[in-house]
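Step one of this worksheet: look at the structure below.
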Amino acid sequence: MHEGPVVVGWLLVALCGSTGLYCLYRAAAGPGRGARRPAGVEGAMGLGMAVMAVPGAGAAAPGQAYVVFFGVLAGCSALLRARPAHRVHHVVEALAMVYMGLAMLGPAEHGAGGVPVLTGVLLAYFALYALRTGALVVPVLPAPVAAGAGPVAGGGAEPAERSPEVAAGCRLALSLGMLVMLVSM
């Protein structure tokens, strides 16, 4: 799918693949089903994006395989028991990949401006989503403890796989990967 420089394709493979594997780890180590399912969908999305980003992936696997895989993933995303905005984002992400899979099937039909309207809308969506999610990656530090007060009772650090910043970081990485893939269409 990726039509840019080969090194960018392999960097996308590394970013999306490692994010996908980490999301699958989060799904396996998550505290409950409510947190594991979205992480599992993000993991499948990341690994699917990594496969699609491999230079020459269009020749190795037909676009129909991507359309079916990401179409099923969109259906699974719609059934998630997650916040509505989170669920909608997963559906949009999977349908954007279906769109890219369909683009692999035929010649690119660019309008007079050079970029189809849907591609432009998706680029705007993922750029805004990346900006919004990027702000969530920076953790909010607790108020400093007064000198001599000692540590706050019960205030332990949250494990990394349950940290909201880590989940936001995974979504940010996949959104940035999606932006690069859309730009290179």
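Filtering Leu141, Leu118, Leu174, Leu131 for residues that are open to solvent by 90 Å² or more (accessible area, probe 1.4 Å) and modelled with pLDDT of 90 or more leaves a single hit, Leu131. Applying the criterion of being outside any loop (DSSP other than H, G, I, E, B) and open to solvent by 30 Å² or more (accessible area, probe 1.4 Å) to the residues of segment 28-43, the residue that is modelled with the highest pLDDT is Ala28.
Would you please list the contacts, defined by Cβ atoms under 7 Å and residues six or more apart or on different chains, that run from a residue in segment 166-185 that is over 16 Å from Ala124 (Cα atoms) to a residue that is among the aromatic types (Phe, Trp, Tyr) and not in a loop (DSSP other than H, G, I, E, B)? Sorted first by the residue in segment 166-185, then by its partner, the pairs are Cys170/Tyr22. Please indicate, with yes or no, whether at least one residue in segment 72-84 is of a type outside the set (A, V, I, L, M), under 20 Å from Ala130 (Cβ atoms), assigned to a helix (DSSP H, G or I) and at pLDDT 90 or above. No: segment 72-84 contains no residue that is of a type outside the set (A, V, I, L, M), under 20 Å from Ala130 (Cβ atoms), assigned to a helix (DSSP H, G or I) and at pLDDT 90 or above.
The values are calculated or read from the model by the stated rules, or taken from the named source; none is laboratory data. Keep in mind the model is a prediction, meaning the values are calculated, not measured. Cβ coordinates were reconstructed from backbone atoms using ideal geometry, including for glycine residues, and neighbour counts include every protein chain displayed. All accessible areas refer to the heavy atoms of the entire protein, side chains included, with ligands and DNA or RNA removed. Shrake-Rupley method; radii C 1.70, N 1.55, O 1.52, S 1.80 Å.
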